[in-house]
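A short worksheet on the structure shown next.
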Amino acid sequence: MPKGGPSIITMPFLPLRGTLVFPHTVLHIDVGRGRSVAAVNAAMALDQRLFLITQKNEEKEEPELADLYQAGTIARVKQVLHLPGNNLRVLIEGEDRALIQKIQKDDEAWIAQIRLIPPQPRAEEDPEVQALIRMAKESLDSYAEIGSRVSEDLIRAIKKISDPDELVDVIAANLLTNQAERHELLAGLKTKDRLEQLCVLLTREIRNANIDRVVQLRIRMQVDKSQREYYLREQMKAIQDELGEGDEDDVEEMRRKLAAIPLNPEAREKADKELDKLARMMAGSPESTVSENYLDWLAELPWGKYSRDQLSLARARKILDEDHFGMEKVKERIIEYL
């Protein structure tokens, strides 16, 4: 927007779903709602500028003022492609930050009254601002060394930025993902506060990236160890087979052992399922150990073996009377239970 112009202006706006646009960024936006298409057409008929603001609730078809974030970006429409179904694909470039003040009801398009967020004069000359700029760029280097989401071209482009507000906008647009934190940076009024908050968020991202890298390395080492042990066991088994020294297959040995035991049908079905599952598992894995222990326990149960019990209630009553005086109700309950 031209410098020295009015701070309160009225223009068409687009409520965006899941997208937050910063100044100094260029991207495509797909437009499909009737009012949104009308807003793009209205912008093209005026000065090709739109106000882009993000919805808090993406499902809302007709958002009111309370359904929108407060801060948004004035953008210039650079290209409009007409898609099937009265949809548009719009190429926009963010220019200035602004705060929405009021939504004006129009029969066709979204129209908003907005207040520009003016840039702070001579902010780049503040020593603290310069220190924060250096810190942000150094944090960017550290983040790029840890993660792989930042291209070298983007890093070089950011390093050339001297304007502090532009630096915040470009880094936030390309590195940060949390929508609430991105909006907080977009809505910030003081350049120094925006830079300081950006440095805090970058430091947190670097810490999280370090933690992620350590966890991934530990998991990769565990996986590599398990795979190496598996390959070594398979090689050892192949060598023993070649030398004629291979031991009998544990699964087949357990299968023959259980086949010789008079299991009931339910236990037999469960044992066969566990044996089939064990045969598909990698030897030495925690899951195979659980199956082996279960089958060993199943085989050790006394299937088909019965003890000779004395089931005389009269004899039980006699023993109770000999060992305990009185307590008739207790004795009757015990006999009833037997």
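The values are calculated or read from the model by the stated rules, or taken from the named source; none is laboratory data. From a predicted model like this one, the values you see are computed outputs, not experimental measurements. We place every Cβ from the backbone using ideal geometry, glycine too, and count neighbours over all the protein chains shown. These area figures cover heavy atoms from the full protein model, side chains too; ligands, DNA and RNA do not enter into them. Shrake-Rupley method; radii C 1.70, N 1.55, O 1.52, S 1.80 Å.
Would you work out which of Pro302, Ala279, Val330 lies farthest towards the positive end of the dipole of the stretch 268-338? Charges go on Cβ: Lys and Arg +1, Asp and Glu -1. Of Pro302, Ala279, Val330, it is Val330. For the listed residue pairs Lys160/Lys192; Lys78/Lys102; Lys159/Lys225, the alpha carbons are over 30 angstrom apart in Lys159/Lys225.
Take each of the peptides 43-52, 293-302, average the number of other beta-carbon atoms within 10 Å over its residues, and list them starting from the highest.
43-52, 293-302
Over all directions, the projected convex hull of the C-alpha atoms in the stretch 20-70 averages 4.1 nm² in area. Scaled against the 2.2 N^0.38 Å expected of a compact globular protein of N residues, the Cα radius of gyration of the chain reads 1.86. For Asp96, the solvent-accessible surface with a 1.4 Å probe is about 50 Å², rounded to the nearest 10.
If you wrap the tightest convex hull around every Cα atom of the stretch 153-242 and split its volume per residue, you get 118 Å³.
D by Stokes-Einstein for the stretch 134-195, Kirkwood Rh over Cα pairs, 20 °C, 1.002 mPa s: 177 µm²/s. By a 1.4 Å probe calculation restricted to protein chains, Ile29 has an accessible surface near 20 Å², given to the nearest 10. Can you give the translational diffusion coefficient of the stretch 68-194 in µm²/s, computed by Stokes-Einstein from the Kirkwood radius over Cα pairs at 25 °C and 0.890 mPa s? Translational D for this selection: 145 µm²/s.
In whole angstrom, how long is each semi-axis of the equivalent ellipsoid of the stretch 1-141, when you take the square root of 5 times every eigenvalue of its Cα gyration tensor and sort them from largest down? Each step should come with its number before you reach the end.
Working: eigenvalues 171, 59, 45 Å².
Each semi-axis is the square root of five times an eigenvalue, giving 29, 17, 15 Å.
Summarised as an ellipsoid, the stretch 58-115 has semi-axes of 22, 17, 11 Å, derived from the eigenvalues of the Cα gyration tensor scaled by 5 and square-rooted, with the largest first. Ordered from largest to smallest accessible area (heavy atoms of protein chains, 1.4 Å probe), the residues His28, His183 come out as His28, His183.
At 222 nm, what helix-only mean residue ellipticity would the chain give, in deg cm²/dmol to the nearest 500, using -39500 (n - 2.57) for each DSSP H run of four or more? It would help to have the intermediate numbers written out before the result.
Values: 11 runs with 176 residues, N = 338.
After summing the helix terms and dividing by the residues of the chain, the value is -17500 deg cm²/dmol.
In debye, nearest 20, what is the charge dipole magnitude of the chain about its Cα centre with +1 on Lys and Arg Cβ and -1 on Asp and Glu Cβ, if you could check?
So the dipole magnitude of the chain works out to roughly 980 debye.
Kirkwood-type hydrodynamic radius, the stretch 178-219: 11.6 Å, calculated from all non-identical alpha-carbon pairs.
Solvent-accessible area of the chain (1.4 angstrom probe, protein heavy atoms only): carbon and sulfur portion equals 51 percent.
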